[in-house]
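Scroll down for the structure; my scribbles are underneath it.
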Amino acid sequence: MSEVLLKIEGLRVAVGEKEILKGVDLTVRRGEIHALMGPNGSGKSTLSNAIMGHPHYRITEGRIWFKGEDITEMPTDEKARKGVFLAFQYPVAIPGVTVTNFLRAITKARRGEEGPAKEFRAEMAGAMQTLAMDPAFARRYVNDGFSGGEKKRCEMLQMALLKPELAILDETDSGLDIDALKVVCDGINRIFNPQMAMLIITHYQRMLNYVTPHRVHVFVAGRVVESGGSELVAALESEGYDRFIKKSLAAA
Amino acid sequence: MTATATRRFRDFFSLESARGLGAACGDPAWLGELRLRGWRAFEAGLEASPRPAGTRWLKVAESWPDEALDPGPKLALPAALGLGLDGEWGPLSGAYTYGCESEGALLLDEEARRAGVLFLPLREALRSRPELLERHLFSRTAPEETLYTGLHAAYFGQGALIHIPKGVRLSRPLRLRGVHTGGHAGFFPHLLVLAGEGSSATVVEETRSAGEAPGLVSGVAELVLERGAQLNYISFQGLNQASGSLQRQSTVLAADARLYTLGIVAGGAWSTSFLGTRLDGGGGSADLLGLALGSGSRRIEIRTLQDHVGRSADSDALVKSILRGSSRFYFDGVVKIYRSGQNSNAFQSNPNLLLSGEARAESVPTLEIEADDVACKHAASIGGIDEEERFYLLSRGIPLRDTETIITEGFAAELGQRLPDANLQERFVAILKDLATGQS
């Protein structure tokens, strides 16, 4: 079996006084695409934010390991430079900073050096083409006035350039119409390679019609309640989350 | 004015010394009269205590410690600020650096000379083009406006006249550098720009200090735009940490004239600037941009006036501050639309970015609208760095110490975007980077 990239053990996370994650266990290996599916309010985004180290999310118990290293308390920027990437559900705008300058800054941070400008421009143009993005996009301010679809493409563009080993895609399908969804999923399939792993967090199965996961986890009330292969997606599609919610209530 | 401040001002300034300066400048009679008016206005200002109710203007200057009024040692013009037709703003058409007494050489390239552009030290212009000065000097800023404009009128002598003839379009900027070289308690640079019909030019005016001694710098810029002229006027205040600055900029636009003005305040212990624009003719437009960079205990005040007299004119003021340490910023923006200014658009916006818990910003917008068919909008915001923005940058691997730089540069960059050409935009970004390196 390939190397374990992400291992989460007994993770409990609170926002303020409220506990949202109630003991999450998850293992993701190199070369795998995992889907984490759950209803609204189940704590999916809390998990992605907690992995990345958002200050509003307080880890009260459990550990997070990346390539065998405990990253539970590692500063966010350090995790990112080591190869953890989070595609945000709601990426914020950075007014006044152009997409080009931003991409240049983040690739420099990730790679530890600033390569030749010409090579960078070629690489950026190639990645933009993969995502069917207009070159004029590069001159706009990051996420400033972007449509939902543009924001998600911009996240994928960053992922393409940063070449993370672990990419967490938080509801990347939300706010996309069917055409935009196809483009984004095509991009994801092209970016994915056996050297990395992806954790796709979603409410719906529709994204998984285009990106096929190796493993699927059903996430309810702050826990993984069932894991399986891609057949679970079909089960969720036909039965909804009810059965799993009941199961979670029974376990609680 | 406090009693001690009044006494100190009287120690350093007198009607006799103002007259002596006038004699040295070879003042014609009309100018002698102006100096006298200035002195009287200054004296009246000194006696008026406390300052008249309703004038927020000069709040900052009044808090300046009295002992900071000091002639300091007399220094030479620093060579680094000297000559050459290039600099931060790129290749130049003309350059003039001058001090409190010393005058550096004035350079003007062949293209500008052939086109008939006048770029003259003020004293030389008094000799060679008295008719232009008599007509326009203090036509936009009256000596009586404040006690400091009074003092300025009594003591001015340094500065320049720029005249861009009708239809001439200068592609490269003209740059002035007024350097406080000490030896006097005050430095009073005066700039008069006459932009002829359909002409276009960029003028950059810098104010700097030669040494570290305190100084009072009271500058006036009068900008007159004839029909269809375009003027880009950039002022940069980079005085030392001990000095105080009062800048008064008054512009008048004839029909269809276009003004872009950007004031950058990056120095001084305190600084107060007035950016006044009067849209006299119809169809003109003015962008008033300002950037206040506060650090340490610096106090900055920027006041804008968008005065709409002519119809169908547009004005847009965007003034930003970035404040560190325990610095303070006051913005006072007035939009005035007369009954004659129908069909005008006037916007005003003042976002402030506080990078320290001790920094403070205050924003006072005022709209006085007599016309009924106009569009006006104003907005202000005061806040620190958005934590979600910071987290976003961190999540991409940007180190914590760099997140502030990126967000701050982005915050200021919008001002550059509003400048009318790509060269100015690029130069502005580079200057911001330099300033950030010096301040953070």
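Here, each number is a calculation from the coordinates, and none is a lab measurement. None of these values were measured; they are calculated from a predicted model. For neighbour counting, all protein chains shown are included, and Cβ atoms are generated from backbone atoms with ideal geometry for every residue, glycine included.
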In nm, the gap between the two label points placed 7 Å beyond Cα toward Cβ at residue B:12 and residue A:190 is 6.6
Note, residue B:352: beta-carbon cut-off 11 Å, +1 each Lys/Arg, -1 each Asp/Glu, net +2
With only helices counted (DSSP H, runs n ≥ 4, each -39500 (n - 2.57)), the per-residue ellipticity at 222 nm for chain B, to the nearest 500, works out to -7500 deg cm²/dmol
Please list, ordered by chain and number, the residues whose modelled amide H lies under 5 Å from the amide H of residue B:260; skip anything fewer than 5 residues away on the same chain.
B:231, B:232, B:233, B:287
Can you give the net charge of the other residues whose Cβ lies under 11 Å from the Cβ of residue A:197, counting K and R as +1 and D and E as -1?
+1
Describe numerically, in nm with one decimal, the distance between label points set 7 Å from Cα along Cα→Cβ at residue B:166 and at residue A:67.
7.3
Using alpha carbons only: equivalent-ellipsoid semi-axes of region B:386-440, gyration tensor based, whole Å:
24, 13, 8
Give the Kirkwood hydrodynamic radius (Å, one decimal) of region B:214-329, defined as one over the mean of 1/r across all pairs of different Cα atoms.
14.4
Whole-Hz ³J(HN,Hα) for each residue in region B:286-296, computed from phi via Karplus 6.51 cos²θ - 1.76 cosθ + 1.60 with θ = phi - 60°, x for glycine and proline: what do you get?
9, 10, 10, 10, x, 9, 10, 10, x, 8, x
On C-alpha positions alone, give me the angle between the axis of helix A:148-162 and the longest principal axis of chain A, in degrees, nearest 10.
80
Divide the volume of the convex hull of the Cα atoms of region A:4-251 by its number of residues and quote the answer in cubic angstrom per residue.
122
Rounded to the angstrom and largest first, Cα extents along the principal axes for region A:95-154 equal 32, 24, 16
Amide H to amide H under 5 Å from residue B:315: which residues, 5+ apart in sequence or cross-chain, H placed 1.01 Å off N in plane?
B:286, B:345, B:346, B:347
For region B:293-354 and region A:120-166, write down the distance between their C-alpha centroids in whole Å.
35
Quick one: Karplus J couplings for region B:137-146, per residue in order, coefficients 6.51, -1.76, 1.60, θ = phi - 60°, nearest Hz, x for Gly and Pro?
5, 6, 7, 9, 10, 7, x, 7, 4, 9
If I require 24 Å or longer along the helix axis, counting alpha carbons, and a Kyte-Doolittle average no lower than 0.0, what helices from chain B are left? Use full DSSP H segments.
B:422-439
If amide hydrogens are placed 1.01 Å from N in the peptide plane, which non-local residues have theirs closer than 5 Å to the one on residue A:223?
A:22
Cα to Cα, under 21 Å, and not fewer than 8 places away if on the same chain: which lysines meet these conditions relative to residue B:74?
none
I want the local charge near residue A:46. Using Cβ-Cβ distances under 11 Å, sum +1 for each Lys or Arg and -1 for each Asp or Glu among the other residues.
+3
Would you calculate the separation in nanometres between label points at residue B:105 and residue B:386, each defined as 7 Å from the Cα along the Cα-to-beta-carbon direction?
5.2
For chain B, what Kirkwood radius comes out of the mean inverse Cα-Cα distance, in Å?
22.1
Exposure proxy check: A:151, B:74 ranked by fewest other beta carbons within 10 Å?
B:74, A:151
Rounded, prolate or oblate for the protein assembly as shown? Axes are the square roots of the Cα gyration tensor eigenvalues, ordered a ≥ b ≥ c, and the cut-off for rounded is a/c under 1.5.
prolate
So which of A:44/A:79; A:22/A:79; A:118/A:163; B:166/B:377; A:182/A:247 end up more than 29 Å apart, counting from Cα to Cα?
B:166/B:377; A:182/A:247
Which translational diffusion coefficient, to the nearest whole µm²/s, is obtained for region B:199-253 from the Stokes-Einstein equation, given a Kirkwood hydrodynamic radius over C-alpha pairs, 37 °C and 0.692 mPa s?
259
Can you report the principal axis dimensions of region B:123-226 using only the alpha carbons, biggest first, rounded to whole angstrom?
43, 30, 25
